[in-house]
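Participant: Just passing along the structure, written as structure tokens.
The values are calculated or read from the model by the stated rules, or taken from the named source; none is laboratory data. Predicted model only: the values in this text are computed from it and were never measured. Counting neighbours? That spans all protein chains shown, and the Cβs are built from the backbone with ideal geometry, glycine included.
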Amino acid sequence: MEQMLLNNPVQRVATDSDWEMIGSFFPHSAKSSRFAHLVNEKLLSSGGRAAAGDGALKATLLESNPLEQNAILLDQLKETFGRVLGTTSEKLSVVEPVTKYGLDSLMANQIRNWIQSNVGVDYSMMKIMRGPSMEEMTIQILEQLTGAGSAESVQGEIKSELDKWIVRSKKISNPRLRLFCLPYFAGGASIFSAWHDFLPDDIEVCAVQFPGREERGDEKPFDDVTKLVEKLAEVMEPLLTTPCAFYSHSSGAGIALELSRHLRKIRCKSG
């Protein structure tokens, strides 16, 4: 822990830490953009309603007029992005895409969790990884909070089982090829969110989102590869109407191999 605080090495660790105690041993960490919010968590929690993280921000927003709501949430969102990115909010622009700052899926999940716990809105991680600006996020979050969004937009948030499992950032009506991408261990579909920008227009990127990953984090993960493969094959069946290919890495490669074998067995039985 001392090495991580002082030398900033590449390695990362996960610990159950008493940050208040750590702050007493390493006073400089209380001023660090990376650790200050952890060391000063109790102080921040008692410092005001909007910082408490127990629903107080949501209550404050609901009690405010629309202009105040926008300013309050945008300010809190900017501060949160600064903490997660390890920088100060002054260095961030609210009109630039949030992905411009090197936001990865783990960071996006922290942002999603903060929104859910403080505002009570389920803002999906895939929406964050598509690169909205903080101003756009603020408007969308407030629309969900106040119910100001149109019926069409609310309906659009209700995903089919296919869309939960297979994330397509850019849907193509008659693709020449569907590229199914399976993420590595603990990874999610968001790592493939921009792949369509680097491929021909007639190739549809179909990123697999497993239960327990990213915006499906509250769902129970599969602990049996055979059952996972069978379910995935069932869900993706409507998309197997065109030639397809698999891209996978690490544990995703093992699942892709078993999935390929399973699909071949089904085809042999039916043909």
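Participant: Right, Ile172: among the aliphatic types (A, V, I, L, M), without any contact (Cβ under 8 Å) to a residue 40 or more places away in the chain, outside any helix (DSSP H, G or I) and surrounded by 12 or more Cβ atoms within 10 Å (Cβ to Cβ) or not?
Facilitator: yes
Participant: Hey, another quick one. How many residues, within the range 85-112, are assigned to a loop (DSSP other than H, G, I, E, B) and among the polar types (S, T, N, Q)?
Facilitator: The qualifying residues number 3.
Participant: Residue by residue through the range 151-169, note down the ones that are surrounded by 11 or more Cβ atoms within 10 Å (Cβ to Cβ), hydrophobic (A, V, I, L, M, F, W, C) and at pLDDT below 50.
Facilitator: Of everything in the range 151-169, just one residue is surrounded by 11 or more Cβ atoms within 10 Å (Cβ to Cβ), hydrophobic (A, V, I, L, M, F, W, C) and at pLDDT below 50, namely Val154.
Here is a yes/no grid of residues against (1) over 23 Å from Gly23 (Cα atoms); (2) part of a helix (DSSP H, G or I); (3) at pLDDT below 80:
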site	(1), (2), (3)
Ala50	yes, yes, yes
Ala59	yes, yes, no
Leu62	yes, yes, no
Arg83	no, yes, no
Ile115	yes, yes, no
Tyr123	yes, no, no
Gly131	yes, no, no
Thr138	yes, yes, no
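Participant: Filter the range 183-210 for residues that are in a strand (DSSP E or B) and over 19 Å from Glu161 (Cα atoms) and give the result.
Facilitator: Of everything in the range 183-210, just one residue is in a strand (DSSP E or B) and over 19 Å from Glu161 (Cα atoms), namely Ile203.
Participant: For the range 215-271, give me the residue count where each residue is within 26 Å of the chain's Cα centre (by Cα), in a helix (DSSP H, G or I) and either of a type in the set (Gly, Ala, Ser) or not assigned by TED's automatic domain parsing to the domain that holds Leu182 (or both).
Facilitator: Number of matching residues: 6.
Participant: Looking at the range 236-271 only, could you name the residues that are in contact with a strand residue (DSSP E or B) (Cβ under 7 Å, 6 or more places away or on another chain) and under 18 Å from Glu204 (Cα atoms)?
Facilitator: Met236, Leu239, Thr242, Pro243, Cys244, Ala245, Phe246, Tyr247, Ser248, Ala256
Participant: Would you say Tyr247 is in contact with a Cys (Cβ under 7 Å, 6 or more places away or on another chain), over 20 Å from Ser124 (Cβ atoms), surrounded by fewer than 19 Cβ atoms within 10 Å (Cβ to Cβ) and of a type outside the set (A, V, I, L, M)?
Facilitator: The answer is yes for Tyr247.
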